[in-house]
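Asker: I'd like to ask some things about the structure below.
Each value in this text was obtained by applying a stated rule to the coordinates, not by laboratory testing. Since the structure is predicted, the reported quantities are computational estimates derived from the model, not experimental observations. Virtual Cβ from ideal backbone geometry, glycine too; neighbours counted across all protein chains shown.
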Amino acid sequence: MKKIGFLSFGHWTPSPQSQTHSAADALLQSIDLAVEAERLGIDGAYFRVHHFAQQLASPFPLLAALGAKTRKIEIGTALIDMRYENPHYMAEDAGAADLIAGGRLQLGISRGSPEQVIEGWRYFGYRPVEGESDADMGCRHAEEFLGLLRGKGFAQPNPRPMFPNPPGLLRLEPYSEGLRDRIWWGGGFQRDSCMGCKARNEPAILNPQV
């Protein structure tokens, strides 16, 4: 059984030939598109993530809105460039969006591709460590993100918290059970892989042992 979905870049332009003139147009029309796709029986709605361009960028507000407006269709990304991502914020945002969507997120992530600006991830505050390439940094961020999605406690609780803590080390919240099994690694060639992922000519699911 095959599934059918669509991938949107979310471009906008002030051109009179376009009906998508602004970022607001692109976002609101993306929601409408997913709602109509679900009505027609399409299985998946996926969105590109490009920074420094008149295209969709930060995906989680859009994914949360899609999750609230739809009921069945898979929603996701192709792909999130992990060089630009804070794994901790991303784990919280992804967990919240997945809970809103009822566990329908299918997130494609990657170590990165050519972008609109030179080393754009530097403007987001990220630097490769010594001896590390920007692609290695993207893989490191991905590994951290996957580790956080295990839902294991790692942070020492404050002995005088604002609210009572559960026993033991604390994890990031909100936590969405099963999200980690719906993270996909996108790469076109074997050399694009990392973390033990066997990248093919289509997105390959991440090694569940990572």
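Asker: So what does the Cα-only Debye profile of region 70-169 read at q = 0.10 Å⁻¹, as log10 I(q)/I(0), no solvent term?
Answerer: Here the Debye-derived log intensity ratios amount to -0.38.
Asker: How would you order 75-86, 168-179 from highest to lowest mean count of nearby Cβ atoms within 10 Å?
Answerer: Numbers: 75-86: 23.8, 168-179: 14.8.
Highest-to-lowest ranking by the protection proxy: 75-86, 168-179.
Asker: Give me the count of lysine pairs in the chain whose alpha carbons sit under 28 angstrom apart, restricted to pairs 8 or more positions apart or on different chains.
Answerer: Values: LYS2/LYS69; LYS2/LYS72; LYS2/LYS198; LYS3/LYS69; LYS3/LYS72; LYS3/LYS198; LYS152/LYS198.
Here the count comes out as 7.
Asker: log10 I(q)/I(0), Debye, Cα-only region 3-139, no solvent, q = 0.10, 0.19, 0.22 Å⁻¹?
Answerer: Taken in order of the listed q values, log10 I(q)/I(0) reads -0.35, -1.11, -1.33.
Asker: Now, a different point. From the helices alone, meaning DSSP H stretches of at least four residues, give me the mean residue ellipticity at 222 nm for the chain, per-run term -39500 (n - 2.57), in deg cm²/dmol to the nearest 500.
Answerer: Details: 4 runs with 57 residues, N = 210.
It comes out at -9000 deg cm²/dmol, rounded to the nearest 500.
Asker: Please report the antiparallel percentage of DSSP beta bridges with both residues in the chain, rounded to the nearest 5. Before the final figure, lay out each step's value.
Answerer: Values: 3 of 19 bridges.
Roughly 15 percent of the DSSP beta bridges within the chain come out antiparallel.
Asker: Also: Please report, in debye to the nearest 20, how large the charge dipole of the chain is about its Cα centre when each Lys and Arg carries +1 at its beta carbon and each Asp and Glu carries -1 there. Please report the intermediate quantities before stating the final value.
Answerer: Details: 22 positive and 24 negative charges, 100 e Å.
Rounded to the nearest 20 debye, it is 480 debye.
Asker: Say each of ASP25 and ARG122 gets a label point 7 Å from the Cα, pointing the same way as Cα to Cβ; how far apart are those two points in nm?
Answerer: Placing both labels 7 Å along Cα→Cβ, they lie 3.4 nm apart.
Asker: Ok, one more. If you plug each phi of region 31-45 into the Karplus form 6.51 cos²θ - 1.76 cosθ + 1.60 with θ = phi - 60°, what whole-Hz ³J(HN,Hα) values come out, in order, with x for Gly and Pro?
Answerer: Using θ = phi - 60°, the values come out as 5, 4, 4, 5, 4, 5, 4, 5, 4, 7, x, 5, 8, x, 10 Hz.
Asker: When the chain is modelled as a GNM with alpha-carbon springs shorter than 10 Å, which of PHE124, PHE47, PHE60 fluctuates the most?
Answerer: PHE124
Asker: If you build a Gaussian network model of the chain, linking Cα atoms that sit under 10 Å apart, which residue out of GLN55, GLN156, GLN106 swings the most?
Answerer: GLN156
Asker: Let me know the charge dipole size of region 1-99 about its Cα centre in debye, to the nearest 20, where only the beta-carbon of Lys, Arg (+1) and Asp, Glu (-1) is charged. Write down the numbers at each step before the final one.
Answerer: Details: 8 positive and 11 negative charges, 57 e Å.
In total the dipole reaches around 280 debye.
Asker: Would you work out the charge dipole size for region 100-165 about its Cα centre, treating the Cβ of every Lys and Arg as +1 and the Cβ of every Asp and Glu as -1, and quote it to the nearest 20 debye?
Answerer: Numbers: 8 positive and 8 negative charges, 100 e Å.
Rounded to the nearest 20 debye, it is 480 debye.
Asker: Continuing with the same structure: If you line up the Cα atoms of region 40-109 on their principal axes, what length do they span on each, largest first, in Å?
Answerer: 34, 25, 16
Asker: Which of SER15, GLY95, HIS141 sits farthest toward the positive end of the charge dipole of the chain, with +1 on the Cβ of Lys and Arg and -1 on the Cβ of Asp and Glu?
Answerer: Result: GLY95, furthest along the dipole toward the positive end.
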